[in-house]
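Working notes for the structure below.
The values are calculated or read from the model by the stated rules, or taken from the named source; none is laboratory data. Being a predicted model, the structure only gives us computed values, none of them experimental. We place every Cβ from the backbone using ideal geometry, glycine too, and count neighbours over all the protein chains shown.
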């Protein structure tokens, strides 16, 4: 999940914009006559910067996405203890991926992941920036609501890229394969084959799982990151405003986010990766609710938490990396803007 805010690597209290990760939530007064808000950047620029920040973070955290996808597909709709487990925990899964696919296997689906992060985060930042400029975030609960809505819109726009990313990350040698194998040759081949077989609608298969996944994850992170970071500061684990403080806050917040988001993440992965009939209908799941019921009945409630370790370990670093990259890019843009009258 990408984020935004001002990360202060120097002594002194962190700016207010850091308090509302993962979107730039500070209420920015508009410049007279319209245009970009005072002291900020226009929504179109936030779109570009948010996309770039998400992509930079994705390069570093994509290996955990590969591991998470494999763990979530392992033992699909099979009772616990009745299936082979080529992937046992995050660290062992990393080794298993490397043995089966080489070191490059840890970056499977990277191109699709970058496309997803660029589309989803760009649209998410753009929508949130407009909501902020309109003053909606100033109302009680406005930040969380606007963040959730912006995240849902971003999830819809980025859904085709997430579909292809999931397919590519699941692909491996038959001995290590989990879930359905779509056997795409490349990202372009994946888009082309899906479109030829199922049309435009096929590219948005699984979006019913993506929307609640991003909306719930964004809302949970907004609701917990600030308090988690403040909790770390109160215990003086690290210097206030430092990178380490933000990372620790992100990891503490990640507990709540992982618990709330992982079931939606598992459902999203299953809906995206399942085999489909000629008409594009899923062979395993008929939709979001059907997926929940089948996983719960076949794999137990813990089946909805497969891969939670990889989800958690990805959240903190991805949160802080996105935060840092977005803030640095934003400062570069602001320094290049001419001073106001």
Review point. Can you find even one residue in region 240-259 that is assigned to a helix (DSSP H, G or I), surrounded by 20 or more Cβ atoms within 10 Å (Cβ to Cβ) and at pLDDT 90 or above?
Key: yes
Point to revise | Condition check for residue 236: modelled with pLDDT under 90, crowded, with 16+ Cβ neighbours inside 10 Å and farther than 30 Å from residue 187 by Cα | key: no
Practice item. Would you check which residues across region 274-297 are in contact with a strand residue (DSSP E or B) (Cβ under 8 Å, 6 or more places away or on another chain) and either surrounded by fewer than 17 Cβ atoms within 10 Å (Cβ to Cβ) or farther than 16 Å from residue 75 by Cα (or both) and list them? Key: 275, 276, 282, 283
Check your understanding: What residue, of 152, 145, is at pLDDT below 90 and either part of a helix (DSSP H, G or I) or farther than 25 Å from residue 56 by Cβ (or both)?
Key -> 145
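Any residue at all in region 97-110 that's over 14 Å from the mean Cα position of the chain (by Cα), on the phi > 0 side of the Ramachandran plot and touching a residue at least 40 places away in the same chain (Cβ under 8 Å)?
Yes - at least one qualifying residue is present in region 97-110.
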Review point. From the list 40, 105, 54, which residue is surrounded by 14 or more Cβ atoms within 10 Å (Cβ to Cβ), assigned to a helix (DSSP H, G or I) and at pLDDT below 90?
Key: 54
Revision key, fill the gap. Contact list, first residue from region 274-287 and free of Cβ contacts under 8 Å to residues at least 40 places away in the same chain, second anywhere and in a loop (DSSP other than H, G, I, E, B) and surrounded by fewer than 12 Cβ atoms within 10 Å (Cβ to Cβ), beta-carbon distance below 6 Å, six or more apart or interchain, is 283/275
**Study point:** Of the criteria (1) in a loop (DSSP other than H, G, I, E, B); (2) modelled with pLDDT under 80; (3) buried (at least 18 other Cβ atoms within 10 Å of the Cβ); (4) on the phi < 0 side of the Ramachandran plot, which one residue 5 fails
**Key:** (4)
Exercise for review: Give region 202-239 a look and list any residue that's outside any helix (DSSP H, G or I) and at negative phi, or say none.
Suggested key: 204, 205, 235, 237, 238, 239
Exercise for review: Could you tell me whether residue 157 is assigned to a loop (DSSP other than H, G, I, E, B), under 26 Å from residue 262 (Cα atoms) and either touching a residue at least 24 places away in the same chain (Cβ under 8 Å) or over 23 Å from the mean Cα position of the chain (by Cα) (or both)?
Suggested key: no
Check your understanding: Of all residues in region 57-96, how many are under 22 Å from the mean Cα position of the chain (by Cα), without any contact (Cβ under 8 Å) to a residue 60 or more places away in the chain and under 20 Å from residue 301 (Cβ atoms)?
Key -> 0
Practice item. Residues being assigned to a loop (DSSP other than H, G, I, E, B) and within 13 Å of the chain's Cα centre (by Cα): count how many of those fall in region 160-178. Key: 0
